[in-house]
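Worksheet for the structure shown next.
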């Protein structure tokens, strides 16, 4: 499946292992599916057990697929933040976006792993008992190694479809980026991905295949999200964090109550409040944390018990492009600290969106008035 560039962990991960030095996290939906399959296998005995083994083998293949991305990215000096396993596949998250030529080989690596697994298993099966016939495929009268091989073949081919943000879409974008700007290449690849997703969705509805409809929805939303992320990176290139940070803000004191925080929330348009102890920042109180504290502790509770002490810190001179993933989620907020550790400003998802909007307008005006 596709890479996703972000340095903030995906919420919902419940277990972590390390492979080749990379954290591999399992989303809770993935764990729930495995538990359900294990119960199914226990109830169905042999056939159920074979189904469980088949699904586990496919998830193992998906993990190898993501490790293929990781190893090739490492060759280009691109580290991987994490790999997250979902029921529909995996996501590997690079520490920086690959360049066009790098992206071509990084994207190819994953499907190539699946195709090599399929070729190896089919060659082994063929040497043992002959190759699978079309009649066997129609009747599902095939053994586990053959099923795993065919599953990997389908995974490899499916991921090579030119549907951004899948691997095929990234390969398409890497070729386009050799002749066009990154933004234009991403726009074309994302549009191709959305178009293919619409066709897949219509086919799923006509055939009554709701799994295909779900996959189509995933591809469509992924293409939209990735297209927006790349446009954000392009619009913030060359700008430091200080260009988009809020400098007119209010703070709370360590000894203030939840009532004080609620009054400040109502009196201002601010949603996130740095919590100070003297002139030092000791935490960050978000609107959602304030509401939770109001419900659990009451208005006389203290902000010190509700604030987040592990808040995100940014430097004013840090590239804004690097800060985008840290505040991209709705309600995201980071505190900007100067070299002496003093609070210089805030960066929130809302004011970054406003910055991007103004940059889009500015670029459109510049393009309109530029000589043709």
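Restrict the check to region 231-249 and report whether at least one residue is farther than 19 Å from residue 347 by Cβ and modelled with pLDDT under 95.
As a first pass, look at region 231-249 and keep what is farther than 19 Å from residue 347 by Cβ: none.
No: region 231-249 contains no residue that is farther than 19 Å from residue 347 by Cβ and modelled with pLDDT under 95.
Any residue at all in region 191-210 that's over 21 Å from the mean Cα position of the chain (by Cα) and part of a loop (DSSP other than H, G, I, E, B)?
There is at least one residue in region 191-210 that is over 21 Å from the mean Cα position of the chain (by Cα) and part of a loop (DSSP other than H, G, I, E, B).
Tell me yes or no: at least one residue of region 301-311 is within 18 Å of residue 241 (Cβ to Cβ) and crowded, with 17+ Cβ neighbours inside 10 Å.
Applying the first criterion (within 18 Å of residue 241 (Cβ to Cβ)) to region 301-311 yields 311.
Still in the list and also crowded, with 17+ Cβ neighbours inside 10 Å: 311.
Yes - at least one qualifying residue is present in region 301-311.
Residues to consider are 45, 25, 75, 18; find the one that is more than 19 Å from residue 112 (Cα to Cα) and modelled with pLDDT of 85 or more. Step through it out loud before you land on a result.
Working: 45 fails: modelled with pLDDT of 85 or more; 25 fails: modelled with pLDDT of 85 or more; 75 fails: more than 19 Å from residue 112 (Cα to Cα).
Sole residue among the options that is more than 19 Å from residue 112 (Cα to Cα) and modelled with pLDDT of 85 or more: 18.
Just one of the numbered conditions (1) under 19 Å from residue 172 (Cα atoms); (2) under 19 Å from the mean Cα position of the chain (by Cα); (3) in contact (Cβ under 8 Å) with a residue 60 or more places away in the chain is not true of residue 101; which one?
(2)
Name the single residue, out of those in region 146-160 being farther than 10 Å from residue 111 by Cβ and surrounded by fewer than 17 Cβ atoms within 10 Å (Cβ to Cβ), that is nearest to the chain's Cα centre (by Cα).
154
Is it the case that region 281-288 has a residue that's surrounded by 16 or more Cβ atoms within 10 Å (Cβ to Cβ) and within 24 Å of residue 95 (Cβ to Cβ)?
no
Which residue, of 94, 98, is surrounded by 16 or more Cβ atoms within 10 Å (Cβ to Cβ), at pLDDT below 90, out of contact with any strand residue (DSSP E or B) (no Cβ under 6 Å at 6 or more places or on another chain) and over 21 Å from residue 211 (Cα atoms)?
Details: 94 fails: out of contact with any strand residue (DSSP E or B) (no Cβ under 6 Å at 6 or more places or on another chain).
Being surrounded by 16 or more Cβ atoms within 10 Å (Cβ to Cβ), at pLDDT below 90, out of contact with any strand residue (DSSP E or B) (no Cβ under 6 Å at 6 or more places or on another chain) and over 21 Å from residue 211 (Cα atoms) holds for just one of 94, 98, which is 98.
For residue 193, state whether it is surrounded by 14 or more Cβ atoms within 10 Å (Cβ to Cβ) and in contact (Cβ under 8 Å) with a residue 60 or more places away in the chain.
On the way: surrounded by 14 or more Cβ atoms within 10 Å (Cβ to Cβ): yes; in contact (Cβ under 8 Å) with a residue 60 or more places away in the chain: no.
When the stated conditions are applied, residue 193 does not pass them.
The values are calculated or read from the model by the stated rules, or taken from the named source; none is laboratory data. This is a predicted model, so every value here is computed, not measured. Note that we place each Cβ from the backbone using ideal geometry, even for glycine, and neighbour counts take in every protein chain shown.
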